[in-house]
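Here it is: the structure, laid out below.
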Amino acid sequence: MTGRTAGRPLAVVTGAAGFIGSWLSEALLAAGWHVRGVDSLTRAYDPAMKRANVAALAAHPAFSFVQADLACTASDELLGGADAVIHLAAEPRSSSSWGASFSRYIERNVLVTEQLLDSAAAMHVWRFIYASSASVYGSSSVPLSESAVPHPVNPYAASKLAGEHVAGVHASQGLPVVILRYFSVYGPRQRPDMAVHQFVAAALDRRPLTIAGSGAQVRDMTYVGDAVAATVAALQAPLAPGSVINVAGGHPLTMRQLAYEVAAIAGHASPEIIEEPARDGDVMHCVASTDLARSALGWTPVTALSEGLRRQVEWQAERRRELHRQEHATGSRPMRAQPRGPRLMIYSQDGLGLGHLRRASSIASAFLEREPSGWVLTTSDSPMGTLLHDVHNHDYLKLPSIVKSGPGDWHPLSFPLDFAHLRQLRTRLILEAANAFEPDVLLVDHMPHGAMGEMLPVLEALRGESAQIILGLRDILDAPEIVHQRWEQEGAFEALSRYYDGVLVYGSREVFDVCREYGWPQHLADLVRYCGFICTPQTPEDARRIRARRLGGADRGTMIAAMAGGGADAHELMSALLDALALIHADQPCVLEIVTGPFMPDHQRLDLKRRAESLPVRLRRMVSDPLSRVAAADLVVAMAGYNTTMEVLRLGTPALLVPRRGPSQEQRMRATRFAELGWVSQLDPDELTPRTLADAVLDALARREHRAPAIAPDLGGLQRAADHLQHAANLARHEAVFEVVGVPASHHPHDAAPEAGLSDALSAS
Ligand code: NAD
């Protein structure tokens, strides 16, 4: 690999687009180094901010940039030719490192560190600097000297300490590793999640300044220029492998004092300070001894706190002005430069069915019609899933299937595992997919917490990101008391209030008021938007031909179509219909077309097939165009699944619904409510016999000409749902804009086209 200008040593800086990394790269270039910056522009905060940081470096001829994720790029290639490595890339922020997000911290802060150390050792670099953190000390007593035993008190700190230990292992093998423990670094380009940044933003807006906890926490503030100077010094100082050195500014003060100081510099006289609840894992005292840094590095921090803060205030104020200029110029907020279209991830649990997945696929298609450059990833366990994903930019992750046999009673469909283990496996698959896919919108279908809570870690992981989290809810789920009890018991209400930005109900409030029926508290009811019923976007292609063929070319005649979605429990209805056919036929000559559905057990399907042979019946397992059957028929006999019912309503074909008996009450409730509204006929499944069914069919056929419901169903849900998701995606992408004075991606010379390989990007050096 190429990459060095003659005479200049080459430093690889990981995390070069970040706060400290971009300043360090500048300092190294000024000191005569060649710098290869590596950064994947993670979404821990807005990538456009990082792009702007790199843009400041890009003009320098001795700088090259590789946009790559260290977790999945060969480190040997990234480090090729390096004399030194300064490893700053990490997942920052202790407050978001709890729970499921920790896997991201392990990957980015520990596994990546080990990979880099391994490659650096093979390359015999002069020095490997590992950027650690004061947070590893945790509850140790101050002043914190390097010999204190670390006691991390949050997962982020534990991950940084694990990185130190891994570095220590390599140091013991002779790699010249130096570990720098930075203390509260501040200054221009500071991350937006950090306290000084937030104090400055509030002070410039003349808003109250918010402090987590009492404000008595003491921090040792370090100006970024000083932290960078210590790092540059550590590159060349004679240090034993594995040396650990504190890098701190020597400006300890309480967070409350810091808030007042920032406000004063920003010209916000007598600001209001608001105390928020203390954060878990926030230490009280974090003050360094810097004796070792002074003696071993010959380094002293030189920037007074007031001067450092003044520079940061000026930088943030200038960014605000730039933002306003752009707003003024365009008449609106500038959109963040987007290297890609919006990403929608859908979670749809559908073990032995098709309904949820069909609806999800329709929504995905409608979303992609609006956002042709967008991507949709659907995670579902329906065995039929892949059949429904022939849309460009839409792909499907099949989870191991589970099926529900009663409220809260799930079991694996294929794997000989207990449910808890399979749930764990599924959660990990979904979590990995979400972390890698980085959705702008997560649409969770009908269970806010996922099957038995399997989505909670995923929701937790996405919470710190800018993604919008939306629940998509078929209006009727089950009997109110069951839903309320299960949701309460399984933590669905809690998940809803904790993680969700909105709820889309695929129905109408006048038909079924979800919040009232299911006893939602007001703050959750406020999240709800009714978008109308969702129908597939397809149109019947072949109705006329199918009808003519089934009726043997005759103009007149009666065609009945019987269908039941997946068909797993449709045998009883279809069997009764075959027995009823002679009775119906005696009164009303007809032909019958049965579509059993793919999930009807084989022996049941074969039983129907055998009995149908002597009757005017055509029996199919699946058809490519079920809509044409519905459109061709004079009457549809079906169970009361959501999708079939909506298609029947959309095409205006009279329908007799015989709902599923149980375990869920959903279909009974739908059939009853829709029959009350005059939209369908229904027969109670407990009353199902060939005689009652024949009577109900004849009655429905007789009444078909005289139907005049008082209100029509609102069937425009698909378009409204897609509009809503598009809006949510824009919001997610826009939210991040607020912090940014972006450099459009196209202005960046190293924003390589996605298909450019790593070596192409590197050869720019
Ligand atoms: P930052 O988030 O601004 O920079 C880190 C950069 O690393 C980001 O640009 C990110 O996109 C990149 N990155 C993360 N994972 C990556 C991966 N797998 N592949 C490629 N790039 C990846 O953070 P910062 O404040 O500049 O901190 C830099 C380092 O200093 C971190 O290791 C942090 O733990 C440490 N540190 C910072 C402070 C502080 O006060 N800022 C204090 C103590 C320690």
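The values are calculated or read from the model by the stated rules, or taken from the named source; none is laboratory data. All of these numbers come straight from a predicted model, not from anything done at the bench. Glycine also receives a Cβ, built like all others from the backbone with ideal geometry; neighbour counts cover every protein chain displayed.
Could we say that residue 113 is within 10 Å of the ligand (Cβ to nearest atom), within 26 Å of residue 177 (Cβ to Cβ), in the same structural domain as residue 181 (by TED's automatic domain parsing) and modelled with pLDDT of 90 or more here?
Working: within 10 Å of the ligand (Cβ to nearest atom): yes; within 26 Å of residue 177 (Cβ to Cβ): yes; in the same structural domain as residue 181 (by TED's automatic domain parsing): yes; modelled with pLDDT of 90 or more: yes.
Answer is yes for this residue.
Continuing with this model, one more query. Taking residue 22 as the residue in question, decide whether it is surrounded by fewer than 24 Cβ atoms within 10 Å (Cβ to Cβ), among the hydroxyl-bearing types (Ser, Thr, Tyr) and either more than 9 Å from the ligand (Cβ to nearest atom) or closer than 27 Å to residue 184 by Cβ (or both). Steps first, please.
Working: surrounded by fewer than 24 Cβ atoms within 10 Å (Cβ to Cβ): no; among the hydroxyl-bearing types (Ser, Thr, Tyr): yes; either more than 9 Å from the ligand (Cβ to nearest atom) or closer than 27 Å to residue 184 by Cβ (or both): yes.
So residue 22 fails the test.
Same structure again: List the number of the failed condition for residue 373; all other conditions in (1) part of a helix (DSSP H, G or I); (2) free of Cβ contacts under 8 Å to residues at least 40 places away in the same chain hold.
So the condition that residue 373 fails would be (1).
So the check is Cβ under 8 Å with 6+ separation or different chains; which pairs have a first residue in segment 235-261 that's not assigned by TED's automatic domain parsing to the domain that holds residue 291 and a second one that's surrounded by fewer than 21 Cβ atoms within 10 Å (Cβ to Cβ) and outside any strand (DSSP E or B)?
From segment 235-261, no pairs qualify.
Can you name the condition, by its number, that residue 44 falls short on among (1) away from the ligand (no atom under 11 Å from the Cβ); (2) out of contact with any Ser or Thr (no Cβ under 6 Å at 6 or more places or on another chain)?
Of everything listed in (1) away from the ligand (no atom under 11 Å from the Cβ); (2) out of contact with any Ser or Thr (no Cβ under 6 Å at 6 or more places or on another chain), residue 44 misses just condition (1).
Does residue 12 satisfy the condition of being within 15 Å of the ligand (Cβ to nearest atom), assigned to a strand (DSSP E or B) and buried (at least 21 other Cβ atoms within 10 Å of the Cβ)?
On the way: within 15 Å of the ligand (Cβ to nearest atom): yes; assigned to a strand (DSSP E or B): yes; buried (at least 21 other Cβ atoms within 10 Å of the Cβ): yes.
When the stated conditions are applied, residue 12 passes them.
Here's something else I'd like to know. Is segment 264-275 home to any residue that is of a type outside the set (Ser, Thr, Tyr), in the same structural domain as residue 156 (by TED's automatic domain parsing), under 20 Å from residue 245 (Cβ atoms) and more than 39 Å from the chain's Cα centre (by Cα)? Steps first, please.
Going residue by residue through segment 264-275, those that are of a type outside the set (Ser, Thr, Tyr) are 264-269, 271-275.
In the following step, the residues that additionally are in the same structural domain as residue 156 (by TED's automatic domain parsing) were identified as 264-269, 271-275.
Okay, now just the ones that are also under 20 Å from residue 245 (Cβ atoms), so none.
No, the conditions are met nowhere in segment 264-275.
Return the only residue of 596, 645, 653 being over 30 Å from residue 553 (Cβ atoms) and either β-branched (Val, Ile, Thr) or buried (at least 18 other Cβ atoms within 10 Å of the Cβ) (or both).
Details: 596 fails: over 30 Å from residue 553 (Cβ atoms); 653 fails: over 30 Å from residue 553 (Cβ atoms).
The conditions single out 645.
Continuing with this model, one more query. Give me a count of the residues in segment 19-46 that are within 28 Å of the chain's Cα centre (by Cα) and of a type in the set (Phe, Trp, Tyr).
Matching residues across segment 19-46 total 2.
Condition first: outside any loop (DSSP other than H, G, I, E, B) and out of contact with any Lys or Arg (no Cβ under 6 Å at 6 or more places or on another chain). Now tell me which residues in segment 500-524 satisfy that. Don't jump to the end; show me each part of the working.
Step one: filter segment 500-524 for residues outside any loop (DSSP other than H, G, I, E, B), giving 502-506, 514-517, 522-524.
Of everything in segment 500-524, those that are outside any loop (DSSP other than H, G, I, E, B) and out of contact with any Lys or Arg (no Cβ under 6 Å at 6 or more places or on another chain) turn out to be 502, 503, 505, 514, 515, 516, 517, 522, 523, 524.
Tell me, which residue of segment 50-80 that is assigned to a helix (DSSP H, G or I) and of a type in the set (S, T, N, Q) is farthest from the ligand (Cβ to nearest atom)?
Within segment 50-80, the first condition is being assigned to a helix (DSSP H, G or I), and the residues that meet it are 50-58, 70-72, 75-79.
Filter once more, so that each one left must be of a type in the set (S, T, N, Q): 53, 75.
Details: 53: 8, 75: 10 Å.
Ranking the qualifying residues of segment 50-80, first place goes to 75.
Residue by residue, here is whether (1) away from the ligand (no atom under 16 Å from the Cβ); (2) in a strand (DSSP E or B); (3) within 34 Å of the chain's Cα centre (by Cα) holds:
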residue: 192; (1), (2), (3): no, no, yes
residue: 197; (1), (2), (3): no, no, yes
residue: 221; (1), (2), (3): no, yes, no
residue: 229; (1), (2), (3): no, no, no
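Residue check, residue 391 against (1) at pLDDT below 85; (2) surrounded by 19 or more Cβ atoms within 10 Å (Cβ to Cβ); (3) over 12 Å from the mean Cα position of the chain (by Cα), all met but one. Which one?
Failing condition for residue 391: (2).
So, one more: Of the conditions (1) in contact (Cβ under 8 Å) with a residue 60 or more places away in the chain; (2) surrounded by fewer than 19 Cβ atoms within 10 Å (Cβ to Cβ), residue 69 satisfies every one except a single condition; which number is it?
Condition not satisfied by residue 69: (1).
Failed condition for residue 319, given (1) farther than 20 Å from residue 27 by Cβ; (2) not in a helix (DSSP H, G or I), with all others met?
Status for residue 319: all satisfied but (2).
How do the pairs read when you match residues in segment 300-313 that are closer than 21 Å to residue 192 by Cβ with residues anywhere that are of a type in the set (A, V, I, L, M) and surrounded by fewer than 22 Cβ atoms within 10 Å (Cβ to Cβ), using Cβ under 9 Å and keeping only pairs 6 or more apart or on different chains?
305/253; 309/265; 310/265; 312/265; 313/204; 313/265
Any residue in segment 242-255 that is closer than 30 Å to residue 169 by Cβ, in a loop (DSSP other than H, G, I, E, B) and not hydrophobic (A, V, I, L, M, F, W, C)?
The first filter runs over segment 242-255 and keeps only residues closer than 30 Å to residue 169 by Cβ, leaving 242-248.
If we keep only those that are in a loop (DSSP other than H, G, I, E, B) too, we end up with 242, 248.
With the extra rule that they be not hydrophobic (A, V, I, L, M, F, W, C), the set shrinks to 242.
Within segment 242-255, one or more residues are closer than 30 Å to residue 169 by Cβ, in a loop (DSSP other than H, G, I, E, B) and not hydrophobic (A, V, I, L, M, F, W, C).
Also, quick follow-up: Please return the ranges of strands (runs of 3 or more DSSP E) entirely within segment 608-671 where 2 or more residues are in contact with a strand residue (DSSP E or B) (Cβ under 9 Å, 6 or more places away or on another chain) and charged (D, E, K, R). Don't jump to the end; show me each part of the working.
Details: elements: 617-620, 635-638, 655-657.
Strands (runs of 3 or more DSSP E) meeting the threshold: 617-620.
If only one of 411, 392 is farther than 26 Å from residue 98 by Cα, free of Cβ contacts under 8 Å to residues at least 12 places away in the same chain and touching a Leu at 6+ places or on another chain (Cβ under 9 Å), which one is it?
On the way: 392 fails: free of Cβ contacts under 8 Å to residues at least 12 places away in the same chain.
That would be 411, the only listed residue that is farther than 26 Å from residue 98 by Cα, free of Cβ contacts under 8 Å to residues at least 12 places away in the same chain and touching a Leu at 6+ places or on another chain (Cβ under 9 Å).
Give the residues of segment 25-49 that are buried (at least 21 other Cβ atoms within 10 Å of the Cβ), of a type in the set (Gly, Ala, Ser) and not in a helix (DSSP H, G or I), sorted by residue number.
37
Look through 96, 140, 147 and report the one residue that is at pLDDT below 90, away from the ligand (no atom under 13 Å from the Cβ) and either among the polar types (S, T, N, Q) or outside any helix (DSSP H, G or I) (or both). Before you say what the answer is, go through the steps one by one.
Values: 96 fails: away from the ligand (no atom under 13 Å from the Cβ); 147 fails: at pLDDT below 90.
After ruling out the rest, the residue left standing is 140.
A further question on this structure: Does residue 125 count as part of a loop (DSSP other than H, G, I, E, B), away from the ligand (no atom under 11 Å from the Cβ) and within 24 Å of residue 80 (Cα to Cα)?
Working: part of a loop (DSSP other than H, G, I, E, B): yes; away from the ligand (no atom under 11 Å from the Cβ): yes; within 24 Å of residue 80 (Cα to Cα): yes.
So residue 125 fits the description; yes.
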